[in-house]
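Asks: This is the structure I have questions about; it appears just below.
The values are calculated or read from the model by the stated rules, or taken from the named source; none is laboratory data. Here the structure is a predicted model, which means the values were calculated and not measured. For neighbour counting, all protein chains shown are included, and Cβ atoms are generated from backbone atoms with ideal geometry for every residue, glycine included. Quick note on the areas: whole protein, heavy atoms, side chains included, nothing else; ligands and nucleic acids left out. Shrake-Rupley method; radii C 1.70, N 1.55, O 1.52, S 1.80 Å.
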Amino acid sequence: MRLRRARLFAHIGGIMSELYSMTARQLSALIAGKKVSCREAAESVLGRIEALEDRVKSYITRTPEMALEQADAVDRKIAAGEPVGPLAGIPIAVKDNFCTKGVRTTCASKILANWVPPYDATVVTRLKEAQAVILGKTNLDEFAMGSSTENSAFFQTHNPWDLACVPGGSSGGSAAAVAADECILATGSDTGGSIRQPAAFCGVVGIKPTYGRVSRYGLVAFASSLDQIGPLTKDVSDCALLMNAIAGHDPKDSTAAPLPVPDYTKSLVPDVEGLRIGVPKEFFAHGMDPEVSAAVRRAIDALVESGASAEETSMPHIGYTFPVYYILAPSEASSNLARYDGVRFGHRASDYDSMIRMFERSRDEGFGPEVKHRIMIGTYALSAGYYDAYYLKALKVRTLVKQDFDRAWERFDVLLTPTSPTVAFRLGEKADDPLQMKLADVCTIPVNMAGVPALAMPCGFQNGLPIGLQIIGRPFDEETIFRTAYTYEQHTEWHKQKPNLK
Ligand code: GLN
């Protein structure tokens, strides 16, 4: 692809900035003011991808021609004087477990390596309706199972802050792309932390909305009672902007709540006067790095200085969420992944002598080790004789965890915790230690169990690697989360720091 030489930078606040380094809000203002065309914006970001992809490796599939066509279409509308929305012409990356019509959707699995969906996920449809410019599909852990993106069947993604480190997972490609300015916005999915943990590791903002806030139609299912789609962005304002576009009821997803969607950008006010913050002590255990917890406590102090109150609290069942998740998520996954049998979707083995052998071989050749591991655990937990002892019991404990949250909302408006116990680890460091790898999600998993919303955002650095703060809110109260996050962001410069990638 050849890029035209164009004006790929502009003045922002008196400083000359490359277009690719901007937030959606900044870029949108320039596009609306006709200071920059959508093609110029797209070319700037596509040029950035070309310059960095060899080192960062965020994308499984790039769609530059389609992106430029979409950008030109928006430019024509603007030239014709038609009104366009705030996402019009904004380059966005889509995680490769969202169905995209005509563009292959791999889930980073060999079993779907060449699968081209005949339809768009509802969120993709909404992005197209908002006239966002889709740049391509980002890398992930196979079927979103993992915490480092090392489980991708194709290649590893590198953390833009330190290329020797993981970007987190499973939405590691999206988080790395946002951090490296290889997109302006990105989407992710979160079953046990897959938006928030990579957001934390890459120093960007990500929200897992309330279960049911965003349609999951066309999101390839991992664990359907936990999966939720959400944005990954450069700051809190962009996160609210993208939520406006993707949230809301969808007749194609019976779990998408039929509730009105507020304008989340109205919550972008620096005001936490009277906000009651709970600090659940159980989230500060489990191998917590003292520098991570210190940074989170400083963030809490900053909010208290701004008028909030904070109090330590206890949520006694949080310690059980980890084992419960690793019963429930694999159980649901084993059922969801039964559809990949070589018949209707994806890879089919070429050598077999019976139908059963065809199923077996196709699945054996197509799935990677982590996915097989989870299918086996899930199948076991759901088997006759074990169902009551494992699956049913785990469901009961899940209710107890949810009740811990219900009780917390009687006294608090938000809960503040670290997003992950440590900063990003080195590639390969935990590959042979699955338990340590999975512990990267101890602070995020309880949130999916309860179905509540939570946002991750940067709150400091340790040895040049970002530290993540997690803000958990009441069900369907993303607004209070955004208000808290925006207020904190106004007090800090963390979100303005960029990795040193030339
Ligand atoms: N890391 C967790 C897991 O491996 C969560 C993944 C996710 O949220 N998709 O299951």
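Asks: Checking residue 296 against (1) within 16 Å of the ligand (Cβ to nearest atom); (2) open to solvent by less than 50 Å² (accessible area, probe 1.4 Å); (3) of a type in the set (A, V, I, L, M, F, W, C), which single condition isn't satisfied?
Replies: (1)
Asks: Among 425, 461, which is more than 16 Å from the ligand (Cβ to nearest atom) and farther than 19 Å from residue 324 by Cβ?
Replies: None of the other options fit; the residue is 461.
Rundown of residues vs (1) under 20 Å from residue 87 (Cβ atoms); (2) part of a helix (DSSP H, G or I); (3) touching a His at 6+ places or on another chain (Cβ under 8 Å); (4) open to solvent by 10 Å² or more (accessible area, probe 1.4 Å), yes/no style:
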| position | (1), (2), (3), (4) |
| --- | --- |
| 197 | no, yes, no, no |
| 200 | no, yes, no, no |
| 216 | no, no, no, yes |
| 224 | no, no, no, yes |
| 230 | yes, no, no, no |
| 241 | yes, yes, no, yes |
| 244 | yes, yes, no, yes |
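Asks: Can you tell me which of (1) in a loop (DSSP other than H, G, I, E, B); (2) surrounded by fewer than 23 Cβ atoms within 10 Å (Cβ to Cβ) is the one residue 439 doesn't meet?
Replies: Among (1) in a loop (DSSP other than H, G, I, E, B); (2) surrounded by fewer than 23 Cβ atoms within 10 Å (Cβ to Cβ), residue 439 violates only (1).
Asks: Being at pLDDT 95 or above, part of a helix (DSSP H, G or I) and either out of contact with any Phe, Trp or Tyr (no Cβ under 8 Å at 6 or more places or on another chain) or open to solvent by less than 10 Å² (accessible area, probe 1.4 Å) (or both) narrows it down to one residue among 87, 52; which is it?
Replies: Only one candidate qualifies: 52.
Asks: Another question, then. Can you confirm whether residue 352 is in a loop (DSSP other than H, G, I, E, B) and of a type outside the set (S, T, N, Q)?
Replies: yes
Asks: Here is a further query. Only one of 169, 192, 136 is out of contact with any His (no Cβ under 8 Å at 6 or more places or on another chain), away from the ligand (no atom under 16 Å from the Cβ), at pLDDT 95 or above and open to solvent by less than 10 Å² (accessible area, probe 1.4 Å); which?
Replies: 136
Asks: Next question. Looking for whichever is touching a helix residue (DSSP H, G or I) at 6+ places or on another chain (Cβ under 9 Å), open to solvent by 10 Å² or more (accessible area, probe 1.4 Å) and away from the ligand (no atom under 16 Å from the Cβ) here; the options are 130, 180. Which one fits?
Replies: Among 130, 180, only 130 is touching a helix residue (DSSP H, G or I) at 6+ places or on another chain (Cβ under 9 Å), open to solvent by 10 Å² or more (accessible area, probe 1.4 Å) and away from the ligand (no atom under 16 Å from the Cβ).
Asks: Tally up the residues in the range 355-397 that are assigned to a helix (DSSP H, G or I) and small (Gly, Ala, Ser), please.
Replies: 6
Asks: Where the second residue is among the polar types (S, T, N, Q) and crowded, with 20+ Cβ neighbours inside 10 Å and the first is in contact (Cβ under 8 Å) with a residue 60 or more places away in the chain and in a helix (DSSP H, G or I) and lies in the range 327-340, which pairs have Cβ atoms under 7 Å and are six or more apart or on separate chains?
Replies: Filtered contacts from the range 327-340: 329/191.
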